[in-house]
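Quick one: the structure is below, and I'll ask about it shortly.
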Amino acid sequence: MEASPTPQTVTPVGLNEPDGRLGGGLSRVDGPLKVCGEARYAADFDAPNLAHATMLQSRIAAGRVRSIDTAAALAHPGVLHVMTPFNAPRLPEGGQAGVKPPAGRVLSLLQDDRVHYDGQPIAVVVAETLEASRHAARLLRVAYEEETPQLDFEAAKAEAHPPKEAQGQQPDSARGDPAGGFASAAHRHEATYTTPLEHHNPLETHATLAVWDDDELTLWDSTQYVHGVRETVSKRLGIAQEKVRVINPFVGGAFGSKGSAWSHVVLAAMAAREVQRPVRLVVERTQMFGPVGNRPFTQQQLRLAADGDGKLAALEHHVHAETARIEDWIEPSALLSRFLYACDHVATSHRLVPLNVGVPTFQRAPGESTGSFALESAMDELAHAAGIDPVEFRLRNHSDFDQERKLPYSSKTLRECYARGAEAFNWSARNSQPGATRDGDALVGWGMATATYPSKRMKSEARAELLHDGRVRVQCGTHDLGTGTWTLLTQVAADTLELPPARIALEIGDSALPMAPVSGGSMSAASAGNAVLAVCEALRTRLVELAVADEDSPLFGVEHELVELKEGRLRHGQDPSRGETLEALAARHKPGSLEAKVMATPGPDSEKFSKHSFGAVFVEVRVDAELGEIRVTRIVGAYAVGKLLNAKTGRSQLLGGIVWGVSMALHEHSLRDPRYGRIANANLGEYHVPVNADIPDIELIVVPEEDAHLGALGAKGIGEIGITGVAAAIANAVWHATGKRIRDMPIALDALL
Ligand code: MOS
């Protein structure tokens, strides 16, 4: 039977909520589909004659696969094929050249017998059923030639080297004379902070369905970047990009792990070609801890000093972060120290420490989340040394311009975040002495930190078309990670065209749609959002042009500028009764003439301003004086993120980020066995994330802010700033409660005993 290349997808078309205005709280247009189980995720898609694949992973961290005995697996009922390094199809050489991260990563595609880390894919079993493929994978007998893996961070520091770049910036920076500033300052602080290895655990694990139709490949893949997956897969397989289509209407969380196409995506396509059937490969929960990225361990050395007035006299931030031996990927933790505070004497550096581990990757606010823990903890320590309140200390070192790039900010309303957050938290009632506030058995502590994340925008394309039923189809190859893109882009179109949301037929999540960048870096609203805004404006212009040039239109001959689009009608601005409905206009024209397409690019402003979101987060903890148990009891976060486009989904984004910050401070930690390189807690039973009982009421304040420099939409990005600063605020609160300074995340109660 031939597989249908038609996407099996249901498109949300907006609720009957009349209010699609930007800034309002339009409910998720895809909510009903999700609640009714009709929203299909990658693994939900089906294909005729579907076969199931299971990935087998290496049980050594370094060496070679000497042999794989496949006899028992192949003899198991229903098993179709076992793909190993010894029989896998050879892929064209150089298939990785020129593909940049996040699309281009170092993959393990069974092209040789080398093993570089525990958990590396070393075979793929394909069977009639998922159960048969999983069972047969256990029947494979693998013989290894083991080598001693490098898993010792301190020892591997001897091999530390700078990355080629850190998130597009130089890995190192220096200005002024930090050593001199430090030596002569009134107050000094120097310490090392660490953040742990973490693994992304979205509810939806990675999954790929690969369907070949002759030489054309369709992938239903859980990804943040359909166009990136298409590029990776086509280059690795050596086929034209036009022959590959990637579809992904819904994503059950991603957080950076799905920004890159990992090995299993290409392996699924290879396996499907081998067995000449559609193949579905679902990454198992335990397999999330290895071959699909992680947030690497960081060790950050901070050296800060302040003069007698509490002004920073020196700031150094030096980062060592693990990476894989097969790929350099840097967690750019020191970038924020370059610009956040006013200081003339600053030095930062990033060094990679290569280990036999899986390749690290972007994880929510890569760099800023880990870096803000170290910097904002150190700022708290220095503030105490200088005898200055932590908020006051930050205000004294506030900068109105980007200190590193010497550029004005596109907008910065951070002072108001401090003020509004402090007021809501009642910060002024804080006793400056640590360990001095007790309530029954609990030591009560208050801490705060600055939050920041870059505001990014990349070029994005969009297409809009008036349909004969009067609805407008809007297309953009972006994605909804669960973040609200379906809703937001519907809203942008509805707001621009002054139509109810139900009249917007949005299409996203398909590489056949106009190009959009990776949905990462908190840039989808600014990138795809501004593209949808621009294309809807272009469509309106197009429709007005058609009407005024059309003898059959009541608007024939009217000056273009006098025509407006209101309530689904084109009408004369000075004589609203003169006009026609969109349906009437559409009825007289062929579909191809009722459309617009734009490539929206960041304007020249993008080089003239430094662009970041800012915020301030305040936390109360209660620590059991005898048991050391830590409870977060209050959080107030105040953020300046440009225009808040959707009050409901935007709030959820910030809340989710804050919750992850709590997780970073108190819960998450992938424990790697130092002998074997295996993650000992590769499951959600032992890899702790917060549950409802761990999260107090969170008070969110979004301060009003205008910023037109990222685009007409005015949004600065909201997906990642929420996690930044939170871990430091909690560590600062724990210190304030107990007098104990914990510089290694996560804080477990034994550190307080
Ligand atoms: Mo985000 S870590 O850029 O998906």
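The values are calculated or read from the model by the stated rules, or taken from the named source; none is laboratory data. Fair warning: this is a prediction, and the values are worked out from it, not measured in the lab. Virtual Cβ from ideal backbone geometry, glycine too; neighbours counted across all protein chains shown.
Determine, yes or no, whether Val391 is in contact (Cβ under 8 Å) with a residue 12 or more places away in the chain and either within 16 Å of the ligand (Cβ to nearest atom) or not in a strand (DSSP E or B) (or both).
Numbers: in contact (Cβ under 8 Å) with a residue 12 or more places away in the chain: yes; either within 16 Å of the ligand (Cβ to nearest atom) or not in a strand (DSSP E or B) (or both): yes.
It is true that Val391 is in contact (Cβ under 8 Å) with a residue 12 or more places away in the chain and either within 16 Å of the ligand (Cβ to nearest atom) or not in a strand (DSSP E or B) (or both).
May I pose another question? So which strands (runs of 3 or more DSSP E) are wholly in region 435-522 and hold at least 1 residues that are among the charged types (D, E, K, R) and away from the ligand (no atom under 16 Å from the Cβ)? Before you say what the answer is, go through the steps one by one.
Numbers: elements: 442-454, 460-466, 472-475, 504-507.
Passing ranges, in order: 460-466, 472-475, 504-507.
Per-residue answers, yes or no, for (1) within 16 Å of the ligand (Cβ to nearest atom); (2) touching a Phe, Trp or Tyr at 6+ places or on another chain (Cβ under 8 Å); (3) closer than 18 Å to Lys157 by Cβ:
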| site | (1), (2), (3) |
| --- | --- |
| Leu315 | no, yes, no |
| Val319 | no, no, yes |
| Trp329 | yes, no, yes |
| Leu336 | yes, no, no |
| Pro360 | yes, yes, yes |
| Ala365 | yes, yes, no |
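Out of all the residues in region 263-273, is one or more within 16 Å of the ligand (Cβ to nearest atom), on the phi < 0 side of the Ramachandran plot and surrounded by 20 or more Cβ atoms within 10 Å (Cβ to Cβ)? Give the steps one after another, and end with the answer.
Of region 263-273, the ones within 16 Å of the ligand (Cβ to nearest atom) are none.
No, because not a single residue in region 263-273 is within 16 Å of the ligand (Cβ to nearest atom), on the phi < 0 side of the Ramachandran plot and surrounded by 20 or more Cβ atoms within 10 Å (Cβ to Cβ).
In region 569-610, what residues are within 30 Å of Gly637 (Cα to Cα) and either touching a Phe, Trp or Tyr at 6+ places or on another chain (Cβ under 7 Å) or free of Cβ contacts under 8 Å to residues at least 40 places away in the same chain (or both)?
Filtering region 569-610 down to residues within 30 Å of Gly637 (Cα to Cα) leaves 602, 605-610.
Scanning region 569-610 gives Glu607, Phe609, Ser610.
So if I check each of Val229, Val244, which one is aliphatic (A, V, I, L, M) and more than 27 Å from Ser522 (Cβ to Cβ)? Give the derivation first.
Details: Val229 fails: more than 27 Å from Ser522 (Cβ to Cβ).
Val244 is the lone residue from the list that is aliphatic (A, V, I, L, M) and more than 27 Å from Ser522 (Cβ to Cβ).
Looking only at region 195-217, count how many residues are under 18 Å from the mean Cα position of the chain (by Cα), among the acidic types (Asp, Glu) and farther than 13 Å from Phe289 by Cβ.
Going through region 195-217, the residues under 18 Å from the mean Cα position of the chain (by Cα) turn out to be 197-207.
Subset that is among the acidic types (Asp, Glu): 198, 204.
If we keep only those that are farther than 13 Å from Phe289 by Cβ too, we end up with 204.
Result for region 195-217: 1.
Cβ-Cβ distance below 8 Å, separation of 6 or more or different chains: which pairs start in region 525-553 with a residue that is free of Cβ contacts under 8 Å to residues at least 40 places away in the same chain and more than 15 Å from Met515 (Cα to Cα) and end on one that is polar (S, T, N, Q) and not in a helix (DSSP H, G or I)?
Once the first residue is free of Cβ contacts under 8 Å to residues at least 40 places away in the same chain and more than 15 Å from Met515 (Cα to Cα) and sits in region 525-553, its partners that are polar (S, T, N, Q) and not in a helix (DSSP H, G or I) give Ala547/Ser553.
If I filter region 722-744 down to residues being within 21 Å of the chain's Cα centre (by Cα) and not β-branched (Val, Ile, Thr), which single residue comes out as farthest from Arg622 (Cα to Cα)? Step through it out loud before you land on a result.
Of the residues in region 722-744, the ones within 21 Å of the chain's Cα centre (by Cα) are 722-728.
Checking the rest, the ones that are also not β-branched (Val, Ile, Thr) come to 722, 725, 727-728.
On the way: Gly722: 22, Gly725: 19, Ala727: 15, Ala728: 16 Å.
The qualifying residue farthest from Arg622 (Cα to Cα) is Gly722.
All but one of (1) among the acidic types (Asp, Glu); (2) buried (at least 16 other Cβ atoms within 10 Å of the Cβ); (3) not in a loop (DSSP other than H, G, I, E, B) hold for Glu423; state the number of the condition that does not hold.
So Glu423 meets the others, but not (2).
Look at region 240-250 and say how many of its residues are surrounded by fewer than 24 Cβ atoms within 10 Å (Cβ to Cβ) and in a loop (DSSP other than H, G, I, E, B). Outline the logic, then answer.
In the first step, residues of region 240-250 are kept if they are surrounded by fewer than 24 Cβ atoms within 10 Å (Cβ to Cβ); the result is 240-245.
Next, from what is left, pick out any that are in a loop (DSSP other than H, G, I, E, B): 240.
So the count comes out to 1.
Could you check Pro77 against (1) surrounded by fewer than 16 Cβ atoms within 10 Å (Cβ to Cβ); (2) outside any loop (DSSP other than H, G, I, E, B) and say which number it fails?
Evaluating Pro77 over (1) surrounded by fewer than 16 Cβ atoms within 10 Å (Cβ to Cβ); (2) outside any loop (DSSP other than H, G, I, E, B) leaves (2) as the failure.
Something else now. Check off (1) surrounded by fewer than 16 Cβ atoms within 10 Å (Cβ to Cβ); (2) on the phi < 0 side of the Ramachandran plot; (3) modelled with pLDDT of 95 or more for Gly557 and give me the number that stays unchecked.
(2)
Also, I was wondering about something else. One residue is enough: does region 401-420 have a residue meeting the conditions more than 16 Å from the ligand (Cβ to nearest atom), in a helix (DSSP H, G or I), among the hydrophobic types (A, V, I, L, M, F, W, C) and in contact with a helix residue (DSSP H, G or I) (Cβ under 6 Å, 6 or more places away or on another chain)? I'd like the intermediate steps shown before the answer.
Residues of region 401-420 that are more than 16 Å from the ligand (Cβ to nearest atom), as a first pass: 401-420.
The next check asks that each one be in a helix (DSSP H, G or I); those that pass are 414-420.
Cutting the leftovers down to among the hydrophobic types (A, V, I, L, M, F, W, C) gives us 414, 417, 419.
Pick out the ones that are also in contact with a helix residue (DSSP H, G or I) (Cβ under 6 Å, 6 or more places away or on another chain) and you get none.
No - not one qualifying residue is present in region 401-420.
Do we find that Trp446 is of a type in the set (A, V, I, L, M, F, W, C) and farther than 30 Å from His199 by Cα in this structure?
Numbers: of a type in the set (A, V, I, L, M, F, W, C): yes; farther than 30 Å from His199 by Cα: no.
No: the conditions fail for Trp446.
Taking only region 423-455 into account, find how many residues are out of contact with any Lys or Arg (no Cβ under 7 Å at 6 or more places or on another chain) and either of a type in the set (Ser, Thr, Tyr) or not assigned by TED's automatic domain parsing to the domain that holds Ala616 (or both).
So the answer is 5.
Residues that are modelled with pLDDT of 95 or more and more than 26 Å from Arg741 (Cα to Cα): list the strands (runs of 3 or more DSSP E) wholly contained in region 161-218 that include at least 2 such residues.
Values: elements: 173-175, 187-195, 207-213.
Because the criterion is at least 2 residues that are modelled with pLDDT of 95 or more and more than 26 Å from Arg741 (Cα to Cα), the strands (runs of 3 or more DSSP E) in region 161-218 that meet it are 173-175, 207-213.
Among the residues of region 360-376, is any touching a residue at least 24 places away in the same chain (Cβ under 8 Å) and more than 25 Å from Ile718 (Cα to Cα)? Explain how you work it out, then say what you get.
In the first step, residues of region 360-376 are kept if they are touching a residue at least 24 places away in the same chain (Cβ under 8 Å); the result is 360-376.
So of that shortlist, the ones also more than 25 Å from Ile718 (Cα to Cα) come out as none.
No - not one qualifying residue is present in region 360-376.
Here is a yes/no grid of residues against (1) at pLDDT 95 or above; (2) out of contact with any strand residue (DSSP E or B) (no Cβ under 6 Å at 6 or more places or on another chain):
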| residue | (1), (2) |
| --- | --- |
| Asp480 | yes, yes |
| Trp486 | yes, yes |
| Leu489 | yes, no |
| Pro500 | no, yes |
| Asp510 | yes, no |
| Gly521 | yes, yes |
| Ser527 | yes, no |
| Ala531 | yes, no |
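Would you call Leu488 within 30 Å of Trp660 (Cβ to Cβ), surrounded by 24 or more Cβ atoms within 10 Å (Cβ to Cβ) and of a type in the set (A, V, I, L, M)? I'd like the intermediate steps shown before the answer.
Numbers: within 30 Å of Trp660 (Cβ to Cβ): yes; surrounded by 24 or more Cβ atoms within 10 Å (Cβ to Cβ): yes; of a type in the set (A, V, I, L, M): yes.
The answer is yes for Leu488.
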